[in-house]
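Take a look at the structure set out below.
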Amino acid sequence: MVTADTDSFLRMGLAVHFNATQSIVQALGVAIVTGQYADKAFPTEKALCLQFDAARTIVREAVKMLAAKGLITSRRRQGIRIAPEDDWNLFDPDVLNWLLERSQSPELLLDFLEMRLAVEPAAAALAARYASPAQKTAIRSAIERMYAAERGEDDGLTADIAFHIAVLNASGNRFFKQMRVMIATALAISIRYTNRIQGRQASAPDHGRVADAICDGDTVRARETMQWLLEGAQQLVTSQITVQPSAPV
């Protein structure tokens, strides 16, 4: 018979196990992404147990999680190896966050903006066609928060992110909606970067034009205004990239 005390003890044990695993994943994930293992072999499972003073089951779970993120491969007789960067799962919020925090590279942010340009204008057009009254209210609420942030009454970053996530949700497209966690993660860094270049927060009136088009049900205007909005951010990031001259032949 499992008593309330026993059940509570088991839950605490699971929480400790999960937290220990997450700590190892975080530490190793950052180490991999920042190139700390670039010129040396990745530790063995036994070495990781000693390094983190953790049980083998916890280390194995952490290794599985890193493998699921595409950062490592783990095979019998080959050990644990770091996967090529092209195999890393950029749609995983942890991986994307580690990469963006690594250097805040304009080139990586530009890749992110190009992906957004392929998705968000289409999402805005779909939102103009399919958004429910409640979803339109969520979009309007995010714009009101952006105006409040300009008055110093709210946080501009979270308000900006709330707007873009509300548009994805209002699109009705299940694939676009699934991207909201990844986009929110990268937006937190991307918006800080572009705001720093501009010296101000994102413009509430500019975002409001997209919201107006969506709430008016104008699919063409919604698509075009969202594209115009993102292209402005794209130009800002592009301006920070120094074009290297070609090497002489």
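The values are calculated or read from the model by the stated rules, or taken from the named source; none is laboratory data. Remember, predicted model here, so these are calculated numbers, not experimental data. Here the Cβ positions follow ideal geometry from the backbone for every residue, glycine too, while neighbour counts run over all protein chains shown. Accessible surface areas use protein heavy atoms only, side chains included; no ligands, DNA or RNA. Shrake-Rupley method; radii C 1.70, N 1.55, O 1.52, S 1.80 Å.
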Check your understanding: Can you find a residue in segment 186-200 that is farther than 30 Å from residue 240 by Cα and not in a helix (DSSP H, G or I)?
Key -> no
**Study point:** Residue that is under 21 Å from residue 215 (Cα atoms), open to solvent by 60 Å² or more (accessible area, probe 1.4 Å) and acidic (Asp, Glu), where the choices are 144, 150
**Key:** 144
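Report whether or not residue 134 is open to solvent by 70 Å² or more (accessible area, probe 1.4 Å) and among the aliphatic types (A, V, I, L, M). Steps first, answer last, please.
Numbers: open to solvent by 70 Å² or more (accessible area, probe 1.4 Å): yes; among the aliphatic types (A, V, I, L, M): yes.
It is true that residue 134 is open to solvent by 70 Å² or more (accessible area, probe 1.4 Å) and among the aliphatic types (A, V, I, L, M).
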Practice item. Run down 38, 47, 54 and say which single residue is of a type in the set (A, V, I, L, M), in a helix (DSSP H, G or I) and either at pLDDT 85 or above or exposed (fewer than 11 other Cβ atoms within 10 Å of the Cβ) (or both). Key: 47
Exercise for review: For segment 180-227, enumerate the residues that are open to solvent by 60 Å² or more (accessible area, probe 1.4 Å) and either among the β-branched types (Val, Ile, Thr) or touching a Gly at 6+ places or on another chain (Cβ under 6 Å) (or both).
Suggested key: 181, 201, 220
Point to revise | Every residue from segment 70-120 that is in a loop (DSSP other than H, G, I, E, B) and open to solvent by 20 Å² or more (accessible area, probe 1.4 Å) | key: 76, 77, 78, 84, 88, 89, 90, 91, 92, 104, 105
Check your understanding: Restricting the first residue to segment 121-141 and requiring it to be closer than 14 Å to residue 221 by Cβ, which pairs with a second residue that is loosely packed, with under 15 Cβ neighbours inside 10 Å meet a Cβ separation below 8 Å and a spacing of at least six or different chains?
Key -> 125/220; 128/216; 128/217; 129/217
Practice item. Mind listing whichever residues of segment 158-171 are in contact with a Ser or Thr (Cβ under 9 Å, 6 or more places away or on another chain) and open to solvent by 30 Å² or more (accessible area, probe 1.4 Å)? Key: 162
